[in-house]
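Read through the structure below, which is laid out as structure tokens, and then see the notes.
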Amino acid sequence: MRQRPLEHDPATTKPGGARNALILRSRSRGRQRSEESKEAILAATLCLLKETPLRDITIEEIARRAGVGKATIYKWWPSKAYVALDAFLNKINLAVPNPDTGSAERDLKEQLQSFLNFYTSRTGHIYRQFLAEAQSDKEFASLFRERFLKPRREAIGVIFDRAVKRGEVDSNLDRELVLDLIYGSAIYRVVVLQAPFDRERADATISTLFRGLRSR
């Protein structure tokens with residue numbers, strides 16, 4: 001019986017193919033190691049922030065906890081403040097997703113509840129550190145707004161924008177004011193007053209607000 005010829009990888013049969021395949025595999029492993037290092041750095045930073053104020057944390061400590069060199073951290077971030085804010089933003093984006101149920105009111109109720117669950121968790125308490133740091137450090141305050149508050153606010157605003165497109169809320173409403181009304185009261189109660197803000201109160205907040213938001 002005639003045997004079928006063995007199949008070969010084109011990358012290895014072309015001139016220089018074996019070398020090209022080796023380079024591709026090496027790059028793939030390099031990207032994977034880079035992503036693993038990034039995740040380790042972000043995770044280590046969050047762990048340190050739960051134990052130590054940001055101002056007392058050093059790049060050396062983050063590198064040691066993550067098992068990487070300082071140069072690896074500086075490859076992606078210019079300072080510990082950047083690392084801290086990115087670590088916190090990454091965590092809240094995972095813990096507080098933006099649902100799309102087809103109803104803006106239901107989306108906001110679910111999102112607000114996730115938001116409250118996060119900010120009352122041990123990780124969420126790091127937010128108070130950032131607020132305190134921003135009071136005494138103008139440079140950090142500016143970075144806090146640009147690196148954390150602005151992207152997070154835009155992510156939340158997606159729900160409002162969808163509601164406008166679907167005709168669920170009045171398109172003439174001030175988008176920024178609406179976001180302030182929804183989340184400002186929650187942050188004030190949970191972060192400043194450190195008072196309870198349970199599911200019933202969160203739902204009532206959104207239901208009350210929607211009486212004025214709906215398109216006429």
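Bear in mind that the values in this text are calculations on the coordinates, not laboratory data. Source: prediction; values computed, not measured. Please note: Cβ atoms are built from the backbone with ideal geometry, for glycine as well, and neighbour counts cover all protein chains shown.
Condition check: without any contact (Cβ under 8 Å) to a residue 60 or more places away in the chain, under 19 Å from I41 (Cβ atoms), part of a helix (DSSP H, G or I) and not small (G, A, S). Does N117 satisfy that? Judged against the criteria, N117 is not a match. Each residue in the stretch 35-81 was checked for being under 21 Å from the mean Cα position of the chain (by Cα) and in contact (Cβ under 8 Å) with a residue 60 or more places away in the chain, and 6 of them qualify. Cβ separations smaller than 7 Å between residues 6+ apart or across chains give the following pairs from the stretch 156-182 residues that are free of Cβ contacts under 8 Å to residues at least 40 places away in the same chain to residues that are in a helix (DSSP H, G or I) and basic (K, R): G157/R175; L179/R153.
Select from the stretch 182-216 the residues that are surrounded by 13 or more Cβ atoms within 10 Å (Cβ to Cβ) and within 25 Å of R166 (Cα to Cα) and list them in ascending order.
I182, Y183, A202, D203, T205, I206, L209, F210, L213, R214, S215, listed by residue number.
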